[in-house]
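The values are calculated or read from the model by the stated rules, or taken from the named source; none is laboratory data. The structure displayed is predicted, hence computed values, not measured ones. Using ideal geometry, Cβ is built from the backbone for each residue, glycine included, and neighbour counts are taken over all protein chains shown. Surface areas here come from the heavy atoms of the whole protein model, side chains and all, with no ligands, DNA or RNA. Shrake-Rupley method; radii C 1.70, N 1.55, O 1.52, S 1.80 Å.
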Amino acid sequence: MAAPTDPAVDLDHVALASADAQPHLDVLVGALGGAVRGGGASLGFRAMQVMLGDMAIELIEPYQVDSNDFMARFLARHGAGPHHLTFKVPDLAAEIERLRALGYSPAQIDLANPFWKECFLTPDVAHGTVVQIAQSGEGDPEVLALLGDEPPPWGTQWWRDPPPAAPARARLLHVAFGSPHPAATEAFFTDVLGGTADLGGVTWPGGGRIVVEPREGRPGIDRLVIDGPADVVVAGTRLAAAA
């Protein structure tokens, strides 16, 4: 019998990669009215997240590539575009055991950092995209006690302030995900990643939503659907106005 899905799994954000995140931040805030949630830097990349309604878009760019060049290699191979989906869980160690019971082998497991524990499902098993599963220490009293008077490591602004937010605030309605086997891909998001199928899509408690659409060829993120006034391209990804 398959291990049960975990209702605490939540779709947190979609990450878009580019060589320079700043102009895309300016579009998300200045043109679409997004709100910066935070960001920071790590070996190989730096990022910031922008809320569009209930869901965040993370913009990532290469950083300190001499120490870790994975992001630079991704861009050289694929160009700007979608990089991964991030799902948050309250207990990553338990989630890893649940995934293993389902027959998956999470990669790049890091349980040592109390601020951000993570593992990954690779595109060959995650229907064409990288899936990051993470446990955040944000709001945890024990983790906050470790910080003392220091700001959290994911709280350092490295980007230039974007323009003032547009008065009309767009919302990210869903991630459009193309697949030659849509039923199997939707089952992955429901049975493995805890989403609920309804009204032609898959939703999570925090408001994140994925709609799987038939598409020939390689599966993966096709576009982001927003309630904005017109289509825009951000980090090589089409943000399509809802019909």
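All of (1) closer than 18 Å to Q49 by Cβ; (2) at pLDDT below 95 hold for V130 with one exception: (2). Restricted to strands (runs of 3 or more DSSP E) entirely inside the stretch 30-146, those with at least 1 residues that are closer than 22 Å to L239 by Cβ and open to solvent by 20 Å² or more (accessible area, probe 1.4 Å) are 35-42, 44-52, 81-88, 130-136. The residue of the stretch 187-200 that is farthest from A101 (Cα to Cα), among those that are surrounded by fewer than 21 Cβ atoms within 10 Å (Cβ to Cβ) and among the small types (G, A, S), is G200.
Could you please find all residues in the stretch 161-186 being in a loop (DSSP other than H, G, I, E, B), touching a residue at least 12 places away in the same chain (Cβ under 8 Å) and open to solvent by 30 Å² or more (accessible area, probe 1.4 Å)? Break it down stepwise before answering.
Looking only at the stretch 161-186, we keep the residues that are in a loop (DSSP other than H, G, I, E, B), and these are 161-171, 180-181.
The next check asks that each one be touching a residue at least 12 places away in the same chain (Cβ under 8 Å); those that pass are 162-171, 180-181.
Scanning the stretch 161-186 gives P162, P163, P164, A165, P167, A168, R169, R171, P180, H181.
Within the stretch 222-232, the set of residues being loosely packed, with under 14 Cβ neighbours inside 10 Å and among the hydrophobic types (A, V, I, L, M, F, W, C) comprises A230 only. Evaluation of P141 against the conditions (1) more than 17 Å from L11 (Cβ to Cβ); (2) modelled with pLDDT of 95 or more shows that the sole unmet condition is (2). Counting only residues that are within 19 Å of M55 (Cα to Cα) and among the basic types (K, R), the stretch 204-243 holds 3 of them.
Working only within the stretch 206-221, note down all residues that are open to solvent by 60 Å² or more (accessible area, probe 1.4 Å) and at pLDDT 95 or above.
Pass one, the stretch 206-221, residues open to solvent by 60 Å² or more (accessible area, probe 1.4 Å): 214-216, 218.
Matches in the stretch 206-221: P214, R215, E216.
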